[in-house]
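Below is one structure, written out as structure tokens; comments come after it.
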Amino acid sequence: MYPTLEPYRKFQDRLWLHWALFAATLVSTTMWGASHYAAYLSDFKSAAAVTLPSRPVLLLGGLWYSATILLILGAHEMGHYLACRYYQVDATRPFFIPMPLVPTGMLGAVIRIREPIPTKRALFDIGAAGPFAGFVFAVPALFAGVAMSTVAKLPADFVGYNLGEPLIFKIASHLLWGSIPDGYSINLHPMAFAAWFGMLATALNLFPIGQLDGGHITYALFGRLSSKITVAGLCIAVALTYFSSTWIVWTLVMAAMTISTGPHHPRTLDEEVPLDPTRVGLAIAAALIFVLCFTYAPIQPTGLN
């Protein structure tokens, strides 16, 4: 007698692992969120000059950050996952990646697609669903967070970091606070910082390189020409390291990804078939989202002279 082989079932996950990573990420982002909340309450003043609430109250305030960032990045990855479910392309649920050593408290979230994507239409929809879903949640979070922020005078001896302002951040700031006087700055509420990080993650994922969301969209739009666009995108990323050292790590990640998988995107069965006009329009919308979320110098030290 031969053993009976069970049929392969798609979308099977070790749910305990996904929930464990989510819980660990919730803890790490809430701990950092408490620090961001304390900084927000201090209004750029030194710790000795302000009286902060108790640790439990700060942790509660940290949920402004953690809940917002988990919602934005979770929506991004669920967009990919639900699109995979729609096209019956086997994929995992989102893996959240905790990282207590960095101020974001996490490195992001990912899904793993476990089989080839057969058509350009499916590839485009799966690649674009993440940035669109994340952006839908990030925009209201950004406006709400900026509205809850304050405008405060920077101390003469202030030492810290200046966050690059994406175009949509500048729009929200101008609409809600008008022109900021010299010597003053927006003291970001933790929700606004979470939205800022979500915008940055969206822009990074929309780079038209390899297996990133932007790489999927570019291949679906341009076919094999996307290989040249990948090389050009890497050259641009290298050039961006001149403006901010924060690009170095992401550029190395993209370079390693391109070296390991090659500059050519995996082919679909209909590579020569052009995308329909609706998806071409959505590709233009994705490019607009990239422009709105991109900043050439994400994090710059200030007051170190």
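The values are calculated or read from the model by the stated rules, or taken from the named source; none is laboratory data. All of these numbers come straight from a predicted model, not from anything done at the bench. Using ideal geometry, Cβ is built from the backbone for each residue, glycine included, and neighbour counts are taken over all protein chains shown.
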Residue 98 fails exactly one of (1) within 16 Å of residue 284 (Cα to Cα); (2) in contact with a Ser or Thr (Cβ under 6 Å, 6 or more places away or on another chain), namely (1)
Only one of 278, 218 is polar (S, T, N, Q), surrounded by fewer than 22 Cβ atoms within 10 Å (Cβ to Cβ) and at pLDDT 90 or above, namely 278
Conditions (1) out of contact with any Leu (no Cβ under 7 Å at 6 or more places or on another chain); (2) in a helix (DSSP H, G or I); (3) closer than 30 Å to residue 115 by Cβ; (4) not aliphatic (A, V, I, L, M) -> residue 140 fails only (3)
Next item on the list: Kindly check whether there is at least one residue in segment 92-104 that is in a helix (DSSP H, G or I), of a type outside the set (A, V, I, L, M), buried (at least 19 other Cβ atoms within 10 Å of the Cβ) and over 13 Å from the mean Cα position of the chain (by Cα).
Entry: no
Of 230, 258, 268, 218, the only residue that is hydroxyl-bearing (Ser, Thr, Tyr) and either under 18 Å from the mean Cα position of the chain (by Cα) or closer than 23 Å to residue 136 by Cα (or both) is 218
* Would you check if there is a residue in segment 70-80 being at negative phi, charged (D, E, K, R) and part of a helix (DSSP H, G or I)? => yes
Expected single match for of a type in the set (Val, Ile, Thr), in contact with a helix residue (DSSP H, G or I) (Cβ under 7 Å, 6 or more places away or on another chain) and without any contact (Cβ under 8 Å) to a residue 40 or more places away in the chain among 57, 50 is 50
Exactly one of 185, 149 is touching a His at 6+ places or on another chain (Cβ under 8 Å), surrounded by 14 or more Cβ atoms within 10 Å (Cβ to Cβ) and of a type in the set (Ser, Thr, Tyr), and that one is 149
Taking segment 105-121 and keeping only residues that are among the basic types (Lys, Arg), in a loop (DSSP other than H, G, I, E, B) and touching a Leu at 6+ places or on another chain (Cβ under 8 Å), one is left with none
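Examine segment 225-240 for a residue that is among the hydrophobic types (A, V, I, L, M, F, W, C), within 22 Å of residue 80 (Cβ to Cβ) and touching a residue at least 40 places away in the same chain (Cβ under 8 Å), and state whether such a residue exists. Don't jump to the end; show me each part of the working.
If we filter segment 225-240 for residues that are among the hydrophobic types (A, V, I, L, M, F, W, C), which is where we start, we get 225, 229, 231-232, 234-240.
Applying the additional criterion that residues be within 22 Å of residue 80 (Cβ to Cβ) yields 229.
If we keep only those that are touching a residue at least 40 places away in the same chain (Cβ under 8 Å) as well, we get none.
No, every residue in segment 225-240 fails to be among the hydrophobic types (A, V, I, L, M, F, W, C), within 22 Å of residue 80 (Cβ to Cβ) and touching a residue at least 40 places away in the same chain (Cβ under 8 Å).
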